[in-house]
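Data block below; observations after.
The values are calculated or read from the model by the stated rules, or taken from the named source; none is laboratory data. Quick caveat: nothing in here was measured; it's all calculated off a predicted structure. No Cβ is skipped: glycine too gets one built from the backbone with ideal geometry, and neighbour counts run over all protein chains shown.
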Amino acid sequence: MLGLAFVITSAGLGLAALFTQFAQLRIAFQIAGALYILYLAYRIATAPVLAKGAEASRRLPGLRDGLLLNVLNVKAYAVFVAIFSGFVLPMQSPAAAYLITGLLCFSVGLTVNIGWLWFGGAIRPLFTNAHSALHLRRLFALLMVASVLIVLLGD
């Protein structure tokens with residue numbers, strides 16, 4: 001959520017406008033983000049099966065991983081630039097309008113993340129079975145690769 005807060009703040013302050021001014025910066029962020037997502041897809045596809053009642057021997061993704069994923073996500077900047085350029089709440093104070101709009105966006109992101117955490121907890125038992133875990137991890141990794149290809153080929 002720290003990364004999302006950074007992206008919202010950056011977009012609100014106009015940092016994302018640099019992406020429209022400097023195409024190379026946008027492309028560099030897209031490439032870095034795509035490479036990082038591909039790396040995460042590889043980590044997911046090759047992660048060990050969880051033993052019942054035990055944690056994986058590898059390091060689990062942490063704050064740094066989530067922060068990088070959010071900060072390198074060019075599409076997130078694009079979304080928040082679109083929101084801040086055309087859908088800011090109508091208020092007398094522009095600063096208050098941007099602040100409240102940003103807080104509302106952050107609240108939606110927090111709610112969605114809580115939902116994903118719940119969903120992850122609900123399907124966790126599927127990852128203790130070696131056969132289903134292998135297929136699920138490969139499916140999730142392929143979906144991540146597909147999302148990168150859609151973004152890169154769609155631009």
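Summary table
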read-out	value
Any chance Ala95 is in a helix (DSSP H, G or I), closer than 30 Å to Ile44 by Cβ and not β-branched (Val, Ile, Thr)	no
Sole exception among (1) under 19 Å from Met144 (Cβ atoms); (2) modelled with pLDDT under 80; (3) among the polar types (S, T, N, Q) for Thr20, by number	(1)
Considering residues of region 80-98 that are without any contact (Cβ under 8 Å) to a residue 24 or more places away in the chain and surrounded by 15 or more Cβ atoms within 10 Å (Cβ to Cβ) only, the residue farthest from the chain's Cα centre (by Cα)	Ala97
Breaking point among (1) farther than 19 Å from Val7 by Cβ; (2) surrounded by 12 or more Cβ atoms within 10 Å (Cβ to Cβ); (3) modelled with pLDDT of 85 or more, for Asn129	(3)
Residue pairs meeting the criteria (Cβ under 6 Å; at least 6 apart or on separate chains; first crowded, with 17+ Cβ neighbours inside 10 Å, in region 30-46; second among the β-branched types (Val, Ile, Thr))	Gln30/Val74; Gly33/Val74; Ala34/Val148; Ile37/Val148; Ala41/Val145
Any hit, region 77-91, residues being among the hydrophobic types (A, V, I, L, M, F, W, C), assigned to a loop (DSSP other than H, G, I, E, B) and modelled with pLDDT under 85	yes
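Residue-by-condition table, conditions (1) loosely packed, with under 12 Cβ neighbours inside 10 Å; (2) in a loop (DSSP other than H, G, I, E, B); (3) in contact (Cβ under 8 Å) with a residue 12 or more places away in the chain; (4) not acidic (Asp, Glu):
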residue	(1), (2), (3), (4)
Phe106	no, no, yes, yes
Gly109	no, no, yes, yes
Ile114	yes, no, no, yes
Leu117	yes, no, no, yes
Gly121	yes, no, no, yes
Arg124	yes, no, yes, yes
Leu134	no, no, yes, yes
Val145	no, no, yes, yes
Val151	no, no, yes, yes
